[in-house]
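Chemist: Quick one: this structure, given as structure tokens, is what I'll be asking you about.
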Amino acid sequence: MGSTLVAQPEFIETDGLLSDDDFYRLTACGAPPGGDCTKRFSRWPVDQAVTVGIARMDRAFLGGKQKRAHAALARALQYLNDAGMGLTLQLAAEAAQADIRIYFIDTDGAAPISGTGIEGVDGTTVRGARVMVWAERKTGRIDRARIVFGTRLSIRQYESAMLEELTQSLGLLTDIRNPAYEGVSIFSEDSNASKTFGPQDLMVLRRHYPPRE
């Protein structure tokens, strides 16, 4: 069964705190509060761990940025694995073979990326960070994801951005634009202040991947 690029993150603008149901549906299927889904629900299979690795690090990131990137990934994996959901993520033994591959590309977003040969990356424009997810058309079963970081993202934002992009690579591809969630939710469109999960973020992860009994 073939897979297709599901989506790249978008956002929905709302006001005030949302109910758990509305918040979950917004992040998981792009539904505005009280509205219909605009995306198919997509999930990784939970029968084995999903592997993650940094598959490329251009010279522009060597030194302090490289160290911070690896530390941000380790931290994000710990937070996700401690979230109480029924999906496990682990660092890949071979990053080039990881289910979720992360690329630090020397691009400032001024022009489309070219010449990398990386699926889904050439032809895109990346200012900060970007995630792409592929899933089977009929079932919504995710089979791979790719995350790209560009040079315009501040090193101070690596922890928040890594946690956000990895979370979205689990099939939670819609952000929320709402002042009530700035600095509170990893899904906030206009803030990179959250370095941990808010209460509704944890609810979303556990609802999307119910804890194993």
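The values are calculated or read from the model by the stated rules, or taken from the named source; none is laboratory data. Since we're looking at a predicted model, the values are computed, not measured. Cβ sites come from the backbone with ideal geometry, for glycine too, and all protein chains shown count toward neighbours. For accessibility, only protein heavy atoms count, side chains too; no ligands or nucleic acids. Shrake-Rupley method; radii C 1.70, N 1.55, O 1.52, S 1.80 Å.
Chemist: Name the single residue, out of those in segment 127-177 being in contact with an Asp or Glu (Cβ under 9 Å, 6 or more places away or on another chain) and over 26 Å from PRO45 (Cα atoms), that is surrounded by the most Cβ atoms within 10 Å (Cβ to Cβ).
Modeler: GLY150
Chemist: If SER185 satisfies every condition in (1) more than 15 Å from ALA76 (Cβ to Cβ); (2) in contact with a strand residue (DSSP E or B) (Cβ under 9 Å, 6 or more places away or on another chain); (3) surrounded by fewer than 23 Cβ atoms within 10 Å (Cβ to Cβ); (4) not hydrophobic (A, V, I, L, M, F, W, C) but one, which is the exception?
Modeler: Single failed check for SER185: (3).
Chemist: Right, next: Which count do you get for residues in segment 17-36 that are exposed (fewer than 14 other Cβ atoms within 10 Å of the Cβ) and either free of Cβ contacts under 8 Å to residues at least 60 places away in the same chain or not in a loop (DSSP other than H, G, I, E, B) (or both)?
Modeler: Going through segment 17-36, the residues exposed (fewer than 14 other Cβ atoms within 10 Å of the Cβ) turn out to be 17, 19-21, 34-36.
Applying the additional criterion that residues be either free of Cβ contacts under 8 Å to residues at least 60 places away in the same chain or not in a loop (DSSP other than H, G, I, E, B) (or both) yields 19-21, 34-36.
Counting residues in segment 17-36 that are exposed (fewer than 14 other Cβ atoms within 10 Å of the Cβ) and either free of Cβ contacts under 8 Å to residues at least 60 places away in the same chain or not in a loop (DSSP other than H, G, I, E, B) (or both) gives 6.
Condition check ((1) touching a Leu at 6+ places or on another chain (Cβ under 9 Å); (2) among the basic types (Lys, Arg); (3) open to solvent by 30 Å² or more (accessible area, probe 1.4 Å)) across all residues:
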position	(1), (2), (3)
ASP82	no, no, yes
MET85	yes, no, no
LEU91	yes, no, yes
ALA98	yes, no, no
VAL121	no, no, no
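Chemist: Could you say whether any residue in segment 160-167 is under 14 Å from PHE23 (Cα atoms) and hydrophobic (A, V, I, L, M, F, W, C)?
Modeler: no
Chemist: Part of a helix (DSSP H, G or I), of a type in the set (A, V, I, L, M, F, W, C), open to solvent by 20 Å² or more (accessible area, probe 1.4 Å) and within 20 Å of SER160 (Cα to Cα): does that describe ALA74? Even if it seems obvious, please write down each step before you answer.
Modeler: Numbers: part of a helix (DSSP H, G or I): yes; of a type in the set (A, V, I, L, M, F, W, C): yes; open to solvent by 20 Å² or more (accessible area, probe 1.4 Å): yes; within 20 Å of SER160 (Cα to Cα): yes.
For ALA74, the condition - part of a helix (DSSP H, G or I), of a type in the set (A, V, I, L, M, F, W, C), open to solvent by 20 Å² or more (accessible area, probe 1.4 Å) and within 20 Å of SER160 (Cα to Cα) - is met.
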